[in-house]
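Everything on this sheet refers to the single structure shown next.
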Amino acid sequence: MEKSKQRFGSRFFKNFSAELEHDGLGLTALIMLVTLFVIIFVGQFFVPSNIGTMSDILNADLPPLTGGHILGTTDSGADFILTLIASAKNSLIIGVGVATLITAISIFFGMIIGYFGGWADWLAMRIIDFWLIMPLIMILAIIFSTSKGMGIWSLILILSLISWPANVRLVRTLTLSEVNRDYVQASKISGTPWYKIIFSGILPNISSTIISDYSLTLAGSIGIETGLTFLGFGLKHGTSSLGSMLQVLNGSASTIYARWWLWVPVTIILIVLTFGFVVLGQVCRRALDQRQTMK
Amino acid sequence: MFKTIVRRVLIMLPQIFFVSILIFMLAQLMPGDPFYGNLNPNSDVATIERMRHAAGLDLPWYEQYVRWVVNVFHGDFGTSYTVNKGVAVSEIIGQRIWPTVSMGIIATILTYFFAMSQALISARNENKRIDKFLVVWNTLTSAVPSFVFYFVMMVLFVYVIPIFPSSGTGIDETQGFFTNFFGNLYHAFLPALTIALFSTNSVFQYLRSNLLDQQAQDYVRTARAKGVQIKDVFRKHILRNAFLPIASGIGYSITGVLGGAMFAETVFGYPGLGALFVQALSGRDYTIITALMLLQGILSLFGGLLSDIISAWVDPRIRVK
């Protein structure tokens, strides 16, 4: 068992690097993300723990390249680059947290209702269809605004609990297309228990789509958090995130032009994080499913 | 066809009930109430209690729910507490709805225009450089939160090339219809164009794979074997078959209107319903929040209905059953 797992892993990495040789964009995304990880990991040791709550009015709102601050300072007087590192770390935690939680929920429930069908499936699908046409971003904004802002972990939990339906529906559809295949029928007849059929029979066959969906969910939840915090209904004051760095632009159009250095670096980090993960997810999907390979 | 529509409408009735329950629950979740939220040293507890009683806030939740539903059916959404104190919510929404509607319509038309032309170019040049570029571009715009693109467009077309206004809706009550119409068009165009440019992904991906599918069909080979030019095959056969299914998506695009407008209207300083929602949430103006949520919820349900009707109308195979 251990041996076959190892073989699967090494095969995946072989395919993965083979894909990257043909895909310049994927390689770029990987390099940028790794660079960002290293910067976040090393940089966090230099970030003071009170960076979100400090207020140093004398040094506030400095433009770039003044007073020893390469990108200037934020409106509370913290160094912009250090705030950026703290924010990128928080956004990354939120993205990975929400995507992992949602993917776990969707694999568990989606596969079970897809495999068994029946009234549970019918009921779940009615709930999902209903939930999908609701204005989820507005509901999230209301829930977040009920308290004076959210901590990171409660934000992850609520975001996951509100936005799981699309992922569950995807996993269910994928499971439905596998259930009637011959190999599933064969293992049913030979008496394999259902959980083994689901998790070691069907799951590997649909994993390539689940992985690319994981990266999309990750990018999407970073986007939702950033957007809602930008509007003022997200993380609580004192927790720096990419959205709270953009909050100074909210409602003042001239700032966007006059002080472009406030949002251009944040936007670049956002693009690397979200686009990088989506591209990398697609590379993983092609590496797992060799029918889609670029070669 | 008639049967399909009736069935679909019947499904909608319980949905409307659930939407109202959901929104009412969210409203109950919000802390405080408008009267105790505005305490000052001269407040008298007895007066506040009397006002709470008049507003029905001391009743159990199910009686409040019934009261709320009955009021809504009479078109009474209550009065605003903080955004525009004392003015009826229906009046505030009435003032703000047209900017959002006009922006939404322009944005939808432009989105479909951009997405369709991009998909067509992509499918005609499969695996060539332009196709790869368009696929990557659409992945980029869907992955990155769209409001950062709004900053870029704002800087480009308001400040660097100053051809669009930086805020306002261009609607002025004292002016005549035509001044308002063109003024609003001028103000709504940049937000609408920006939304459209960066939200093409879903239609683009769907249409592109549809077009590629259709190109490989037998009828295309037959037509080509007859000697029909590929351009004509596209115009007469492929386009029709590939474009019809996306018509049903128009209904669903209503679902995200207000949620998307929250960001676009805030960045572009365009005071429509999305900006109103943000304003009301910051000021905890519950009557406006619940009214807007109800409006969006009901609109979404009608959007879903519209989509299902269009797809049944376009594709007869769905009607069976």
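The values are calculated or read from the model by the stated rules, or taken from the named source; none is laboratory data. Since we're looking at a predicted model, the values are computed, not measured. All Cβ positions, even for glycine, are placed from backbone atoms using ideal geometry, and neighbour counts span all protein chains on display. Quick note on the areas: whole protein, heavy atoms, side chains included, nothing else; ligands and nucleic acids left out. Shrake-Rupley method; radii C 1.70, N 1.55, O 1.52, S 1.80 Å.
Surface composition of chain B: carbon and sulfur make up 65 percent of the accessible area, probe 1.4 Å.
May I ask you to find the residues of segment B:103-143 that are shielded by at least 20 Å² of accessible area once the whole protein assembly is considered instead of their isolated chain (probe 1.4 Å)? Going by heavy-atom accessible area, the residues of segment B:103-143 that drop by at least 20 Å² are B:Val136, B:Thr139, B:Leu140, B:Ala143. Accessible surface ranking for B:Met116, B:Met30, 1.4 angstrom probe, highest first: B:Met116, B:Met30. Legend: translational diffusion of segment A:82-293 by Stokes-Einstein, Rh = Kirkwood radius over C-alpha pairs, 4 °C, 1.567 mPa s; D = 69 µm²/s. Which of the residue pairs B:Lys132/B:Lys226; A:Lys14/B:Lys132; B:Lys128/B:Lys236; B:Lys132/B:Lys231; B:Lys132/B:Lys236 have a Cα-Cα distance greater than 28 Å in the structure shown? Beyond 28 Å between Cα atoms: B:Lys132/B:Lys226.
Per residue of chain B, what 222 nm ellipticity follows from adding -39500 (n - 2.57) for every DSSP H run with n ≥ 4, rounded to the nearest 500? Don't skip to the end; give the middle numbers.
On the way: 15 runs with 223 residues, N = 321.
Taking each H run of at least 4 residues, the total per residue is -22500 deg cm²/dmol.
The string of couplings for segment A:236-250 from the Karplus curve (6.51, -1.76, 1.60, θ = phi - 60°) is 6, 4, x, 9, 6, 8, 4, x, 5, 6, 8, 4, 5, 7, 4 Hz, one whole number per residue in order, with x for Gly and Pro.
Across all directions, the average projected area of the convex hull around the alpha carbons of segment B:89-147 is 5.3 nm². Hey, in the GNM for chain B with a 10 angstrom Cα cutoff, which one of B:Val144, B:Val19, B:Val203 fluctuates hardest? Of the options given, B:Val144 has the highest mean-square fluctuation. Averaged over the residues of A:84-92, the number of partner chain Cβ atoms lying within 10 Å of the residue Cβ comes to 0. Across all Cα atoms of the protein assembly as shown, the radius of gyration (one decimal) and Dmax (whole number) stand at 26.3, 89 Å. Largest mean-square fluctuation among B:Tyr286, B:Tyr159, B:Tyr150, in a Gaussian network model of chain B whose springs join Cα atoms under 10 Å apart, belongs to B:Tyr159.
For segment B:89-314, the Cβ-based charge dipole about the Cα centre amounts to some 1140 debye (Lys, Arg positive; Asp, Glu negative; other atoms uncharged). Highest mobility in the GNM of chain B, judged by mean-square fluctuation with C-alpha springs under 10 Å and restricted to B:Thr169, B:Thr222, B:Thr100, is found for B:Thr222.
Heavy-atom accessible surface of A:Trp194, to the nearest 10 Å², is about 110 Å², with a 1.4 Å probe and all protein chains retained. With semi-axes defined as the square roots of five times the eigenvalues of the C-alpha gyration tensor, the equivalent ellipsoid of segment B:147-187 measures 25, 10, 7 Å, largest first.
Longest stretch of chain B clear of exposed loop sites (GluC sites (Glu not before Pro), DSSP loop, at most 14 other Cβ atoms within 10 Å, sites excluded): B:174-321.
For chain B, a Kirkwood hydrodynamic radius built from all Cα pairs, placed in the Stokes-Einstein relation at 37 °C and 0.692 mPa s, yields a translational diffusion coefficient of 143 µm²/s.
Taking every protein chain into account, the accessible area of the protein assembly as shown amounts to 50 square angstrom per residue (probe 1.4 Å). Against chain B, whose longest principal axis is taken from its Cα atoms, helix B:2-29 shows a tilt of about 40°.
Using the Karplus relation 6.51 cos²θ - 1.76 cosθ + 1.60 with θ = phi - 60°, the per-residue 3J(HN,Hα) values for segment A:174-184 come to 4, 5, 4, 6, 9, 4, 8, 5, 4, 5, 5 Hz, with x marking Gly and Pro. Only protein heavy atoms count here; under a 1.4 Å probe, A:Leu249 has an accessible surface of about 0 Å². Across segment A:227-235, rounded Karplus estimates of 3J(HN,Hα) from the backbone phi angles (6.51 cos²θ - 1.76 cosθ + 1.60, θ = phi - 60°) give x, 5, 5, 4, 6, x, 10, x, 5 Hz, Gly and Pro being marked x.
Calculate for chain A the 222 nm mean residue ellipticity that helices alone would give, adding -39,500 (n - 2.57) per DSSP H run of length 4 or more and normalising by residue count, nearest 500 deg cm²/dmol. Please list the in-between numbers first.
Numbers: 13 runs with 198 residues, N = 295.
That comes out to -22000 deg cm²/dmol.
Near the amide H of A:Leu235, within less than 5 Å, lie the amide hydrogens of A:Met150, A:Thr229, all on another chain or at least 5 residues away, with H placed in the peptide plane.
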